[in-house]
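Data block below; observations after.
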Amino acid sequence: MEWSSLYTMQKQLDAYIESQHDISERDLFKEKYLALLVELGELANETRCFKFWSIKPRSEQSVILEEFVDGIHFILSLGLEKGYRYVSEMIKPAEVDETGQFNHVYDLCTTFYCEPTEKNYHKLFENYLKLGQLMGFDEQGVKDAYLKKNDINYERQNHGY
């Protein structure tokens, strides 16, 4: 997938949000890192993949995709914070189940936070995309959902979110 247009859109959204809030003194990398972890948890909760004790089914695919795209927003934004961009390549399928891939992505989030190198950023992004593949998301579906959620994010900002 070609990610440059999404980076451009994310940069514009980030600038718009920053212009609407007094955040000049905040460590946005730290804030966005925590936001990504929260979004990852919300995504896991919608899949229910780890809830071995429950028979309740996972959420609808559209709900899971929207949560997945929330994570994409923050991964793009974290890359912009550090001046990194992910360039798409052929991604090999994950070798673990959803729960294992969630755990791996959490570990990579922490690794990137502690050592924010370009290599660690690429590993995080790639493995997040592998998680999406496990959930059945293709690149076009992710991009379409990102565009839709980006519009929602602007609307929320315009209405005091």
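Each reported figure results from applying straightforward, stated rules to the coordinates on display, with no laboratory input. Because the structure is predicted, anything quoted here is derived from the model rather than measured. Positions of Cβ are generated from backbone atoms using ideal geometry, with glycine treated the same way; all protein chains shown enter the neighbour counts.
Listed values, structure above:
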item: Leading residue at positive end of dipole, segment 1-54 (Cβ point charges), from 8, 45, 29; result: 45
item: Extension gain (nm, one decimal) between residue 156 and residue 119, 0.36 nm per residue minus Cα-Cα; result: 10.0 nm
item: Against the rule of thumb 2.2 N^0.38 Å, how large the Cα Rg of segment 118-161 comes out; result: 1.49
item: Label point at residue 58 placed 7 Å out along Cα→Cβ; residues across segment 90-106 whose backbone nitrogen lies under 14 Å; result: 94, 96-103
item: Kirkwood-type radius of segment 1-57, with distances r between different C-alpha atoms, in Å; result: 14.2 Å
item: Integer Hz, Karplus 6.51/-1.76/1.60 couplings in order for segment 121-134, x for Gly and Pro; result: 5, 5, 4, 4, 4, 4, 6, 5, 5, 4, 4, x, 4, 4
item: Too-long pairs where the Cα-Cα distance tops 18 Å, listed order kept, from 119/149; 92/123; 32/82; 11/92; 11/82; 92/130; result: 119/149; 11/92
item: Binned Cα-Cα distance frequencies in the chain - 5 Å width, integer %; result: 1, 8, 18, 22, 22, 15, 8, 4, 1, 0
